[in-house]
Structure formats: structure tokens, C-alpha cells
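Remarks on the structure that follows.
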Amino acid sequence: MAMHPYPVVLPYQAGGGDALAVPTLAISAAATNPRNAVAVANAFINVSCMRRYGYPAGGAFLDRARVGPAGTPISGPYAYVLGPSNRIPIIPFPQRLDHQSCRPLQQRIQGLRAGGADTLIVDAAQLTFLDSSALSTLGGLASISSQNPGLHLHLFRPSPPIRKVFEIVGLDRMLGIHETLVNALTVCASQAPIASP
């Protein structure tokens, strides 16, 4: 089944000392149907609450979730963009990372960072090719990330050949490489900057 971006708004209960707060998460969730889109949004709740309040959510109000119509089918890799707000868009990510696609990708990431984005979570399942330009670009992003904790790059579901390339050049130790979105989100929650509500 084809993946589509679904706009989802999901209220949740803040945990910890702010249990009366009921913030909402607005996400463009990549999913095959509306039910799965709500599940994806629910997976982001703890990261959202950690980023906003510094502790995990008390739970989502799944019965109050609102899902909009499916967008244009997603035909390649995509990335969730996390920033200071509770809005999480997705952006396309190149299927082939080479000298032609790296420059526009770098410019896009610089623009996202200028807009306050601090984390990209890339579904790399359809990432099919990396050349030395891509490795240099990703290595540069990882280097920026280690020097400036304001940017974190995570890839989940990379194919075995792509994962092997990351391991050979050592990028698996610099980038977050994960089996699943949930694994990536678990790490992101621990890296979450705390914004003022």
C-alpha cells in the first residue's frame, strides 16, 4: 500500500508536574491509512512532551484525534522535521544521495536550521545510493551535530547495503542509525531540548 502524508492533530496529557496541561501535537504523519497515521502521531507524543516540558507525556487522547485527508503519495525517502513547536512536518529526502542532490539538501537543511529545526528523522528504507559527496555531506552534518547539539540527524530502516556503507566509513557512530521509527524516537526523547511552553 502507498504511504501518504496525513495531517493529524492529537491532544495529549502532559505528565509530571503539569498534569493539567493538554497540549496538542500537529504532525504530517506518513502512513498507509488514517488509523496508522494516528498511531504514528501517538509515537511522537513522548518526544513532543519531553521537548516541551522535560518529562514524558501522561498519555494521548486518541478518541479526540483529528485526521485530515491523505496527501500526495510519498514516492521516496522522507524526513520528519522537529523544531521548537509542536508542529512536525515531513519533507522529501533524496532517494539517491550524490553530488547532484547533496547541494540542494545542504541548502534545505541550512534553511530548516535557520527556522529553528534541530532534529531530522529520515525514513531511509528507500535510500538506494550514496556516493562520496553524500558521505561527506552527512559527515559534515554529523560533525556540526557533535559540535552544536542544536542539530540531530537520525535515519531509520536503512537497507543492509546502506547500513554497511555507514558502518565502513564510521558514520554509524556519528549519526543515529535505527531499525525502527520508535527506536529513533526513543533516542530523540533523550536528546530533546526543553522549550519554554
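Structure data summary
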| quantity | calculated |
| --- | --- |
| Candidates L185, L105, filtered to the one that is in the same structural domain as G83 (by TED's automatic domain parsing), within 24 Å of Y55 (Cα to Cα) and not in a strand (DSSP E or B) | L185 |
| Residues satisfying the stated conditions in the stretch 108-125, i.e. small (G, A, S) and either surrounded by 13 or more Cβ atoms within 10 Å (Cβ to Cβ) or part of a helix (DSSP H, G or I) (or both) | G111, A114, G116, A117, A124, A125 |
| Residue identified as under 22 Å from Q126 (Cα atoms), assigned to a strand (DSSP E or B), of a type in the set (G, A, S) and at pLDDT 90 or above among A70, A43, A30, A26 | A30 |
| Answer residue from the stretch 89-102, given it is part of a helix (DSSP H, G or I) and either among the β-branched types (V, I, T) or buried (at least 17 other Cβ atoms within 10 Å of the Cβ) (or both) and is modelled with the highest pLDDT among those | S101 |
| Residue in the stretch 64-87 that is without any contact (Cβ under 8 Å) to a residue 40 or more places away in the chain and more than 22 Å from I109 (Cβ to Cβ) present | no |
| The stretch 70-99, residues that are more than 16 Å from the chain's Cα centre (by Cα) and closer than 30 Å to M1 by Cα | A70, G71, T72, P73, S75, Q95, R96, L97, D98 |
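Quick grid of which residues meet (1) modelled with pLDDT under 85; (2) in a loop (DSSP other than H, G, I, E, B); (3) under 30 Å from V9 (Cα atoms); (4) in contact with a strand residue (DSSP E or B) (Cβ under 9 Å, 6 or more places away or on another chain):
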site	(1), (2), (3), (4)
V81	no, no, yes, yes
P84	yes, yes, yes, no
L127	no, yes, yes, yes
P158	no, yes, yes, yes
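The values are calculated or read from the model by the stated rules, or taken from the named source; none is laboratory data. Predicted, not measured: the structure shown is a model, and the values here were computed from it. Positions of Cβ are backbone-derived with ideal geometry, glycine not excepted, and every protein chain shown enters the neighbour counts.
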